[in-house]
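Notes to accompany the following structure.
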Amino acid sequence: MSDIASLILAAALVNNIVFIQLLGVSAVANFSERLQPAIDIAIFTAIVLILSSSINQLLFWFVLSPLALGVLRLIVFVVISATLTTVLAVVVRENFKLIARQQPVGFYLTGINSAVVGNSLQNSEMAPSFSNFFHAMAISIGAALGFAFVLVGLGALKIRLSTSDTPEVFRDNPILLISAGIAAMSFIGFTRQF
């Protein structure tokens, strides 16, 4: 069990999907000025990332690999992720109308998020086995936690920086990118921990 926990923490902190692997940067760069939409997108992306990774993993191991169709995995992974995102967005739209009105397009963009598809591609490199499936799910959970941490953290940072007294040339994106770079360097400090 500690092996799974260390995989989750390592995927969230050491091999952070945004800061270290540079996947999903576009989604992180487009968060809003308010914190609640960033939290909503983070939760939605985490659900899509974990579910699509598990479906894609099983589909690759038991359908694409035996039929020697591994070269189609990117196309299949994007289609599965986009389909799952659409289904979940409809569920959100029907059950959480206020959230759906605040994020009319944001949920649908999750299906083609490079973090979602990239995580599935990385996990598909594992050999088919029962333990590797749980390892892949632990990595997916850690990637989802790391993505959510960065998205919400940079959203809060953007709110804080909007009220700070920064020089004119550093306002908005420049100071945010500098702060994100410093945060990314701090994640390197976790490499010896896990």
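The values are calculated or read from the model by the stated rules, or taken from the named source; none is laboratory data. Nothing here was measured: the structure is a model prediction, and the numbers come from that model. All Cβ positions, glycine included, derive from the backbone under ideal geometry; neighbour counts span all protein chains shown.
A few points about this structure:
- Subset of the stretch 151-173 [touching a Leu at 6+ places or on another chain (Cβ under 9 Å) and touching a residue at least 12 places away in the same chain (Cβ under 8 Å)]: VAL152, LEU154, GLY155, ALA156, LEU157, LYS158, ILE159, LEU161
- Single match in ALA11, ALA82, ALA42 (criterion: surrounded by 17 or more Cβ atoms within 10 Å (Cβ to Cβ) and free of Cβ contacts under 8 Å to residues at least 60 places away in the same chain): ALA82
- Matching entry among ALA27, ALA46, ALA38 (being within 11 Å of the chain's Cα centre (by Cα), within 13 Å of VAL150 (Cβ to Cβ), at pLDDT below 85 and in a helix (DSSP H, G or I)): ALA27
- Selection from the stretch 116-136 of residues that are surrounded by 13 or more Cβ atoms within 10 Å (Cβ to Cβ) and in a loop (DSSP other than H, G, I, E, B): SER124, MET126, PRO128
- Residues in the stretch 156-178 that are modelled with pLDDT of 85 or more and among the small types (Gly, Ala, Ser): ALA156 only.
- Hey, LEU67 closer than 21 Å to PHE187 by Cβ, of a type in the set (A, V, I, L, M) and surrounded by fewer than 16 Cβ atoms within 10 Å (Cβ to Cβ) or not: no
- Failed item, numbered, when ASP165 is tested on (1) out of contact with any Lys or Arg (no Cβ under 8 Å at 6 or more places or on another chain); (2) of a type outside the set (Lys, Arg); (3) buried (at least 17 other Cβ atoms within 10 Å of the Cβ): (3)
- The stretch 166-193, residues that are of a type in the set (A, V, I, L, M, F, W, C), closer than 30 Å to ASP3 by Cα and in a helix (DSSP H, G or I): ALA180, ILE182, ALA183, ALA184, MET185, PHE187, ILE188
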